[in-house]
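Derivation of every value follows stated rules applied to the coordinates shown; laboratory data play no part. Bear in mind that the values here come from a model prediction, so they are computed numbers and not experimental data. Positions of Cβ are generated from backbone atoms using ideal geometry, with glycine treated the same way; all protein chains shown enter the neighbour counts.
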Number of protein chains: 4
Amino acid sequence: MNNTLGRIIRVTLFGESHGASIGAVIDGLHAMIPVKEDEIASALMARRPVGAISTARREADRFQIVSGIFRGMTNGSPVCILIPNEDTRSEDYGENLTLLRPGHADFTSHIRNYGHEDFRGGGHFSGRLTAPLVAAGAVVRSALEAKGIKIGTHILEIAGVSDRAFESVPDVESVKYSSFPVLTEEAGEKMRAAIEAARADGDSVGGVLETAVTGVPAGVGDPWFGTVEGQLSYAAFSVPAVKGIEFGRGFALSHMRGSEANDPFTVADHRVRTATNNCGGVLGGLTTGSPIVFKTAVKPTPTISKEQKTVDISKGEDTVIFSRGRHDPCIVHRAAVVMSSLTALVVADMLAVKAAEQELAL
Amino acid sequence: MNNTLGRIIRVTLFGESHGASIGAVIDGLHAMIPVKEDEIASALMARRPVGAISTARREADRFQIVSGIFRGMTNGSPVCILIPNEDTRSEDYGENLTLLRPGHADFTSHIRNYGHEDFRGGGHFSGRLTAPLVAAGAVVRSALEAKGIKIGTHILEIAGVSDRAFESVPDVESVKYSSFPVLTEEAGEKMRAAIEAARADGDSVGGVLETAVTGVPAGVGDPWFGTVEGQLSYAAFSVPAVKGIEFGRGFALSHMRGSEANDPFTVADHRVRTATNNCGGVLGGLTTGSPIVFKTAVKPTPTISKEQKTVDISKGEDTVIFSRGRHDPCIVHRAAVVMSSLTALVVADMLAVKAAEQELAL
Amino acid sequence: MNNTLGRIIRVTLFGESHGASIGAVIDGLHAMIPVKEDEIASALMARRPVGAISTARREADRFQIVSGIFRGMTNGSPVCILIPNEDTRSEDYGENLTLLRPGHADFTSHIRNYGHEDFRGGGHFSGRLTAPLVAAGAVVRSALEAKGIKIGTHILEIAGVSDRAFESVPDVESVKYSSFPVLTEEAGEKMRAAIEAARADGDSVGGVLETAVTGVPAGVGDPWFGTVEGQLSYAAFSVPAVKGIEFGRGFALSHMRGSEANDPFTVADHRVRTATNNCGGVLGGLTTGSPIVFKTAVKPTPTISKEQKTVDISKGEDTVIFSRGRHDPCIVHRAAVVMSSLTALVVADMLAVKAAEQELAL
Amino acid sequence: MNNTLGRIIRVTLFGESHGASIGAVIDGLHAMIPVKEDEIASALMARRPVGAISTARREADRFQIVSGIFRGMTNGSPVCILIPNEDTRSEDYGENLTLLRPGHADFTSHIRNYGHEDFRGGGHFSGRLTAPLVAAGAVVRSALEAKGIKIGTHILEIAGVSDRAFESVPDVESVKYSSFPVLTEEAGEKMRAAIEAARADGDSVGGVLETAVTGVPAGVGDPWFGTVEGQLSYAAFSVPAVKGIEFGRGFALSHMRGSEANDPFTVADHRVRTATNNCGGVLGGLTTGSPIVFKTAVKPTPTISKEQKTVDISKGEDTVIFSRGRHDPCIVHRAAVVMSSLTALVVADMLAVKAAEQELAL
């Protein structure tokens, strides 16, 4: 299994849903990057389940910085962050995996691990593992902000209820570390109502996230195996439940003609820029200097209370399942900060790689 | 710049549109994998421009296997394939880059390379570089086929004209190495007409590809940084003009409820399988054993004959551009074999990594 | 900083000498590899300081398996092992780094980290970090033993006192997890006496380790960037104080003629083997099937009680230093198990990579 | 097989001794690095066999830059350099491998490749493959020189005849691109005589190289998996016939006491430096700012004219072999420029990685 992301700025993830702790190691960080614990706490808070629209499992997400920080700044050695699992109810689970939960990784994990996975709560496949990713992302986001690079993700749609998209100059600040990040509160209300309705039906809903990154200079990324789109996608699909991604106008571009789709170049403020941003800030795999903008499709939470057809893997027989354990009727809003965190890790790594290559040329 | 894809089965790409040759090195191939030159030739033929719907630049795509093949089989050392550039017209280009072509990498490449890129024909960013990728993919596709794994990509849509999607058991054979791969010839006719129409207008069109992989066993891939979706996406965005990707029902899943979206498990032929394949053959980042199915959005070819607003980078002034050089009004059909080739490389690498991890456990 | 070793079987190291804990994450382990905690404990015990010939810092090396183990076997997700720092005396260190300890990383670490390293006890550069490496190695060593591969390191020399070398069939079992691994007890006595003598003088001594690996089949490794020698060296120099490595007859080969140095091939027990093993079990970068044998030079422990010339980095002035803190007059014996552990990690990774490449050919 | 070296500055090697061409792809080079073809030619010339002390195979080493160079400078895309094989005599080889040459990779390559290697002239294992490495190194050496970093390797010993070692300020310039690099011509004469004598006996000799790198600032490298020693060793063992490496005083340190071995720190010219350089310019895995100095042991050329015991692999029987083909009685002098070239690639990569990590901190 590969749990490491990145070439220079690298995060390594570990832990299981019902183990002692989960965590991440962030390597490749130079010394003297300021790290604020309250930033990490805020980021984790944005990911936590809230109110009636979320799971009843309530983890405090107390985190412990095991290494790599000295007097409030990185010391150049790897940062390990541990988050204890506190609210596990392993007794909810039997001796062995029996019923495969549709839409979950129960089956694929079982096959992969020769039947010896930690199946409780999804084990290492659990969405809970996104907590250390968010913590890792928070460390890097602060460093990026110091360079004028900001990242934000908002809910563009839940259960068919849409909010407006980011403006051409995305107001990413407004949604930072929000636990239900929307651009218009009215849309948010309707979304929450739709989630509640699904929950009342014992069902779940999905949605679409929109992420933007501002302040990245032009010329970051690579044309072939290192496109901005490819690198961000690689990370984005690590967010459980994501099943699609598109940059700029994305799938809509496939219906356009070139004369509509192409972003004209123009000179403004002594810099070349694109007059529109249909390409989502990326041309030829490299940043244009305009905001990087992409959307991700989040499928409905697979755990539902309704009866579903499935297999009892211990018997090899068809049967039905009703959800067990505590679960979220929607995880779209919780996934937002995870998406921003992964984006931060990828952007930081791309900038590092660019600086590396410039070293010999300058 | 990073031009290497893969962890074990690795392809490294090199060359420029107007250089002497372009090529690829495929490393990590064990000895005794049969390599048929006519398979490579067929794959390259599928990518070549054809008829009135393509560019007038006609490259023979004669390829030379420089290393790694001995008596018709790999010999365990890296396979280098060279493809000479024969039909270049470098005289079409001036001394220096002047007009930035909208939708192309001219600007981003220029900034990245401190203005010292080989700008002729897009240089290293040219779609021409997909030829060695196709050759490399052909080598690996044969090896996968010997293991019962088949890959196919067809045109799902061009210029808004749709073909039917793959069946639940995708007939990938029927579209293999077709130069205009469609499932129903009628849709193909309409698509070609739409391309012709765009060309008559001096414009271009885009579309959507659908790719399927059959025969991959369950349990391949990783949950976090090695999801099947993430790895395929990373490679898919290397295909120039791709701006979106979705697995299974993809973005449509975001509107569904969990009870609709989840694929029920069932036992059939003594094996667990999903009754439907909304997830596109991937759950928790791992293969389910059902076909892997994904769609990619291809933007319209950026080069068009119409006047477009742009910048003369040598003067820093706004101006207009009319297309120069020979170009395709649509590259969707030509991208199909490229997508399959990259998919083959990724799938082969995932299988290799899985075998690697099993080594210590068995 | 890069703290990850390996392509498939990967270990990531974290922690500082005076932090809360140190640890390692081992990724790429398949499920169902048995892990015995007492094996890990034995390995750690072999590394611990003992008696009068070692530092007075006595760490219990209690370890906690945070993740990746389920019912006594790996579960396919990353194994994180934490080892708390219990016997730190941070009060031995002032507010800031002042005196650079000759032979240590104080200066190089200080420069690298812009002066913001955790300098207490060497921080992340401390030999203490070898404890999690030993724990990680123990996990992998058991798995290798199940495949018939055994690893052992013994002290060939300390302070000029030599023991005999491994026989052509190295008895690696006899030195496994010994805290002072020698092949003849008499030599061991003399070595200990030499260490005591150095200690009495307030000085320190170094030595040479010999490591052997048995049971690795022929054909493992790569000729260019993946030679068995190169991969083992890369890891061996991670053992602090190692300054040289040689395979087989090593530097002595440089004085021989080809007719002496070459190992003749012969058929024995229906297998091709070399009649001698001057090459240390490696030809052309690949294993011959004979034991892999190499020697490593360990410099004397840099910390000594004698007065030494150095610089006060806080003042930029020349001065003298007397050792501070607790220290070892010799670490050669303690390094033995570390060398075997790293060797195990490298060998496991090479086997995994070989299996990966075979996947497409079979 | 892995044929790629480096994380940012990466070289990928391909080709076989009797194939059409051999070559290398250098990736990760930024645009605007000047590349002089005569530098590459000079480097290749230094590696070529000369006079009576070398093989009769005389390759012109004409090279072709296939990509990545535009108007005398890198253009930011991968540089591919091809070197045709011109003086092959494949007819010297039979249909299949029969006699295993002792000391060569014939056996290990045969096993690894399931008997399907290109065995002619060693195939991909041939020392001939060092030619593209030298070409690649020449590109990078020029770039390093522009930053004040110089590299040189001289013959410290051949057949027991020693030359003096580098001074504390190594005169690396004097041996650059020499085809028989010695510091004192008298020693060189004796060495050549010893080579001649061995040749007259139908035998071969080995030796020791000493390499130095000047101008690398302090703080480059990593303590654990990225030590300067480990990275250079990884590359050094890629040079065929190298069987040992030591940094600074190396194995001699193992006999010293700490008080002798430690390099005192002192302030000179407002900079901290070590008064001696027993550590070879590396402490804690990082550069001290003093020259990096290491020695490598080169075994005698395995091909000799004397009768040797071996196995006929086609029959599985013991037999004897007399050398076939053309060969060198000594390759120590020819290996010098290869060692410098690989050193250049490693140093460039370490500098690039360091710059990458600094990006987020500044």
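What translational D, rounded to a whole number of µm²/s, comes out for the range D:135-246 from Stokes-Einstein when the hydrodynamic radius is the Kirkwood one over Cα pairs, at 25 °C and 0.890 mPa s? Value of D from the Cα-based Kirkwood radius: 156 µm²/s. Each Lys and Arg contributes +1 and each Asp and Glu -1, all at the Cβ; summed about the Cα centre of the range A:4-358, the dipole is approximately 360 debye.
Among D:14, B:225, A:180, the order by Cβ neighbours within 10 angstrom, fewest to most, reads A:180, B:225, D:14. Counting beta carbons within 10 Å around each of A:357, C:173 and listing the fewest first gives the order C:173, A:357. Per-residue shielding of D:284-293, expressed as the average number of other chain Cβ atoms within 10 Å of the residue Cβ, stands at 4.
Summarised in one figure, the compactness ratio Rg/Rh of the range C:69-159, Cα atoms and Kirkwood Rh, is 1.10.
Summary of the geometry: the range D:1-65 and the range C:1-80, compared by the centres of their Cα atoms, lie 42 Å apart.
Note the full-extension length gain between residue B:179 and residue B:319 as 0.36 nm times their separation in residues minus their Cα-Cα distance, in nm to one decimal.
So the chain would gain 46.7 nm between residue B:179 and residue B:319.
Taking 41 Å as R0, compute the FRET efficiency from the Cβ-Cβ separation of residue D:169 and residue B:95 and round it to 0.05. Spell out each step's value before the answer.
Values: r = 46 Å, r/R0 = 1.12.
The value I calculate is 0.35.
Modelled this way, with points 7 Å down the Cα-to-C-beta line, the labels at residue C:87 and residue C:41 are 1.8 nm from one another. Among A:148, A:280, A:122, the residue with the largest mean-square fluctuation in a Gaussian network model of chain A, with springs joining Cα atoms closer than 10 Å, is A:148. Taking only the C-alpha atoms of the protein assembly as shown, Rg followed by Dmax gives 31.0, 94 Å. Rounded to 0.05, the FRET efficiency of the residue B:162 and residue A:271 pair, given R0 = 41 Å and the Cβ-Cβ distance, is 0.50. For the range A:106-146, taking the reciprocal of the average inverse distance between every pair of different Cα atoms yields a Kirkwood hydrodynamic radius of 12.0 Å. Among the helices of chain D, those built from whole DSSP H runs whose Cα atoms reach 27 Å or more along their own axis and whose mean Kyte-Doolittle hydropathy is at least 1.0 are D:332-358.
Sorted shortest first, the distances from the residue A:160 label point to those of the same residue in the other copies are 2.5, 8.9, 9.2 nm; each point sits 7 Å from Cα along Cα-to-Cβ. Just so you know, the Cα atoms of the range A:4-358 work out to an Rg and Dmax of 20.9, 70 Å.
Which one of D:104, D:154, D:116 has the biggest mean-square fluctuation once chain D is modelled by GNM with Cα springs under 10 Å? Checking each option, the largest mean-square fluctuation is seen for D:116. Just checking the listed ones, D:196, D:86, D:186: in the Gaussian network model of chain D with Cα springs under 10 Å, the one fluctuating most is D:186. Peptide B:306-315 shows a mean partner chain C-beta count of 4 within 10 Å per residue C-beta.
If you count, for every residue in D:61-73, the Cβ atoms of partner chains within 10 Å of its Cβ, what is the mean?
Counting other chains' Cβ atoms within 10 Å and averaging over D:61-73 gives 4.
Here the range D:3-110 has an Rg and Dmax of 16.9, 50 Å, counting Cα atoms alone. Residue D:58 label point (Cα plus 7 Å toward Cβ) to equivalent points in the other copies: 4.6, 7.4, 8.7 nm, shortest first. Rounded to the nearest 500, the 222 nm mean residue ellipticity of chain A from helices alone is -8000 deg cm²/dmol, with -39,500 (n - 2.57) taken per DSSP H run of at least 4 residues. Rank A:316, A:217, A:270 by how far each Cα sits towards the positive end of the charge dipole of the range A:4-358 (+1 on Lys, Arg Cβ; -1 on Asp, Glu Cβ) and give me just the farthest. Most positive-ward Cα: A:270. The relative contact order of the range B:111-265, computed from alpha carbon pairs under 8 Å that lie at least 6 residues apart in sequence, is 22 percent.
Taken as Cα centroids, the range A:119-152 and the range B:219-279 sit 23 Å apart, rounded to the nearest whole angstrom. Suppose we take every Cα in the range D:210-278 and form the convex hull; what volume per residue is that in Å³? Normalising the Cα hull of the range D:210-278 by residue number yields 120 Å³.
For chain B, the relative contact order is 23 percent, taking Cα pairs closer than 8 Å that sit 6 or more residues apart in sequence and dividing their mean separation by the residue count. Whole-percent P(r), the range D:224-362, all Cα pairs, 10 Å bins from 0: 10, 27, 27, 18, 11, 5, 1.
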